[in-house]
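Written below as structure tokens is the structure these notes are about.
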Amino acid sequence: AKMAAAASELLTGWCLFGLALLAILIFCWVYVRKYQSRRESEVISTITAIFALAVALISSALLPVDIFLVSYMKNQNGTFKDWADANVSRQIEDTVLYGYYTLYSIILFCVFLWIPFVYFYYEEKEEDDGNTCSQVKTALKYTLGFVTICAVLLLIGAFVPLDIPNKKNSTEWEKVKLLFEEFGSSHGLTALSFSISSLTVIGMLAAITYTAYGMSALPLNLIKGTTSAAYERLENTEDIEEVEQHLLRIKSKCRDGRPLSSRDRRTVQQLEERLRTLRRRERHLESVEKSWWTKFCEAIRPLKIVWGVFFIIVALLFTVSLFLSNLDKALHSAGFDSGFIILGTNLTNPLNMLLPVLQTVFPLDYILITTIVMYFIFTSMAGIRNMGIWFFWIRLYKIRRGKTRPQALLFLCMILLLIVLHTSYMIYSLAPQYVMYGSQKYLVQ
């Protein structure tokens, strides 16, 4: 009976996971197809962008799943449920652990090998339309630099942080042998942890740049709204009338038979070209104004304003929670050597108080923690979309609907992968007690 109950619970969980995975893949496909350029799109870059974006979303969703599984196996008094015996609980915990290792390894693979290779392959294809073998060789040559950086990080993480016992009689060969024995016993997890931590630092810089901007830009854009098609069409009509009047003034000079000067002829050509462009834009705006999507957006305009105000309140809540949590670490933690770990909560954190209260009504707390994680992802996407891809003060690429180059989409996905790593770490500062222990309670013997 216990095995049947456990199998039923696991089957339900896997079905929900499959539906969530299908929804994520559909969203990634729609998002990439919506923003990629129609003229410069390529199959390999499109597949890479969809895959990397899906990995970012799945990795961000793994933390709420982890909290749910750990809490779901226990009763309110802290004891395990009947079906969750030692073997079943260990099985579930190992599955989640392997999920973390797998997804983080895929992130390393994407950041250091696959995305750079596709980027350089497409750059080489634009510069030289030669054979595919030469493009692959050149792309591999440039990608080798990223692979070297990854190998250096893995080696540093594998050997440097280890605490080697200092024996006076041990030789250098014994010390090196001990290094490899320790590396084998940890199965390379220290190397993976150090590499992921290094990428998390870069993700922190990306979150400071893009996520912070998106947390303010997304709600303000929802409240402010966009210019309506009818208003743009009115402005376009005024521009057409202005250009036509300018053309009439120039052409009126030759009514008595005198030819136009070369300067006037060039001006007439430029104005006629602009007039054709404005008329094409007028036809486009007319079709947009009559489309069902425009009417739908106008109908839900009040809902967008409500969502904008809600996102501003959420951003303020996160700011206060992060400030109090970090202030608590600065005042009451064990210090730098322990990673600023704290035992218990000394300062009241509003989000850390809200989540345990929502635990009383299933599944409000899981919905909220999932919303928080998705909020960080979508604000990061909004920040990248509004700012574009920058290298210090130089704008590399713009993110525009239907006009985004494949290189920009690859950069967007790589930045999102780095931000996801930092988000998984930052969630622990937002609600440390809840995220660490879920709804578990300590059972006094």
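Going by the conditions given, is residue 334 surrounded by fewer than 15 Cβ atoms within 10 Å (Cβ to Cβ), in a loop (DSSP other than H, G, I, E, B) and in contact with a Phe, Trp or Tyr (Cβ under 8 Å, 6 or more places away or on another chain)?
Numbers: surrounded by fewer than 15 Cβ atoms within 10 Å (Cβ to Cβ): yes; in a loop (DSSP other than H, G, I, E, B): yes; in contact with a Phe, Trp or Tyr (Cβ under 8 Å, 6 or more places away or on another chain): yes.
When the stated conditions are applied, residue 334 passes them.
Given the criteria open to solvent by 50 Å² or more (accessible area, probe 1.4 Å), within 30 Å of residue 395 (Cα to Cα) and either touching a strand residue (DSSP E or B) at 6+ places or on another chain (Cβ under 7 Å) or assigned to a helix (DSSP H, G or I) (or both), does residue 216 qualify?
Numbers: open to solvent by 50 Å² or more (accessible area, probe 1.4 Å): yes; within 30 Å of residue 395 (Cα to Cα): yes; either touching a strand residue (DSSP E or B) at 6+ places or on another chain (Cβ under 7 Å) or assigned to a helix (DSSP H, G or I) (or both): yes.
Yes; evaluated as a whole, the condition is true for this residue.
Where in region 77-182 are there helices (runs of 4 or more DSSP H), lying wholly inside it, with at least 3 residues that are at pLDDT below 75 and farther than 26 Å from residue 62 by Cβ?
Working: elements: 86-109, 115-127, 132-159.
It comes to 115-127.
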message: Which of the numbered conditions does residue 413 fail, given that it passes all the others? Conditions: (1) free of Cβ contacts under 8 Å to residues at least 12 places away in the same chain; (2) touching a Cys at 6+ places or on another chain (Cβ under 9 Å).
response: (1)
Residues of region 313-331 satisfying the condition of being open to solvent by 60 Å² or more (accessible area, probe 1.4 Å) and either within 21 Å of the chain's Cα centre (by Cα) or modelled with pLDDT of 85 or more (or both): 313, 316, 319, 320, 323
statement: Taking region 297-308 and keeping residues surrounded by 10 or more Cβ atoms within 10 Å (Cβ to Cβ) and in a helix (DSSP H, G or I) leaves 297, 298, 301, 303, 304, 305, 306, 307, 308
query: For region 382-393, does any single residue satisfy the condition of being crowded, with 21+ Cβ neighbours inside 10 Å, aliphatic (A, V, I, L, M), touching a residue at least 40 places away in the same chain (Cβ under 8 Å) and in a helix (DSSP H, G or I)?
result: yes
- prompt: Can you name the residue in region 38-58 that is open to solvent by 10 Å² or more (accessible area, probe 1.4 Å) and among the hydroxyl-bearing types (Ser, Thr, Tyr) and is also nearest to residue 356 (Cα to Cα) among such residues?
  reply: 46
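Residues being in contact with a Cys (Cβ under 8 Å, 6 or more places away or on another chain) and without any contact (Cβ under 8 Å) to a residue 24 or more places away in the chain: count how many of those fall in region 23-50. Don't jump to the end; show me each part of the working.
Within region 23-50, the subset in contact with a Cys (Cβ under 8 Å, 6 or more places away or on another chain) is 48-50.
Next cut, without any contact (Cβ under 8 Å) to a residue 24 or more places away in the chain only: none.
Final tally of qualifying residues: 0.
State all residues of region 347-381 that are part of a helix (DSSP H, G or I) and either of a type in the set (S, T, N, Q) or closer than 18 Å to residue 222 by Cα (or both); if no residue qualifies, say none.
352, 370, 371, 374, 375, 376, 377, 378, 379, 380, 381 - these are the residues of region 347-381 that are part of a helix (DSSP H, G or I) and either of a type in the set (S, T, N, Q) or closer than 18 Å to residue 222 by Cα (or both).
The values are calculated or read from the model by the stated rules, or taken from the named source; none is laboratory data. Since we're looking at a predicted model, the values are computed, not measured. Because the Cβ atoms are built from the backbone with ideal geometry, glycine has one as well, and the counts that use them run over all protein chains shown. Each accessible area value is taken on the protein alone, full model and side chains, heavy atoms only, with ligands, DNA and RNA left out. Shrake-Rupley method; radii C 1.70, N 1.55, O 1.52, S 1.80 Å.
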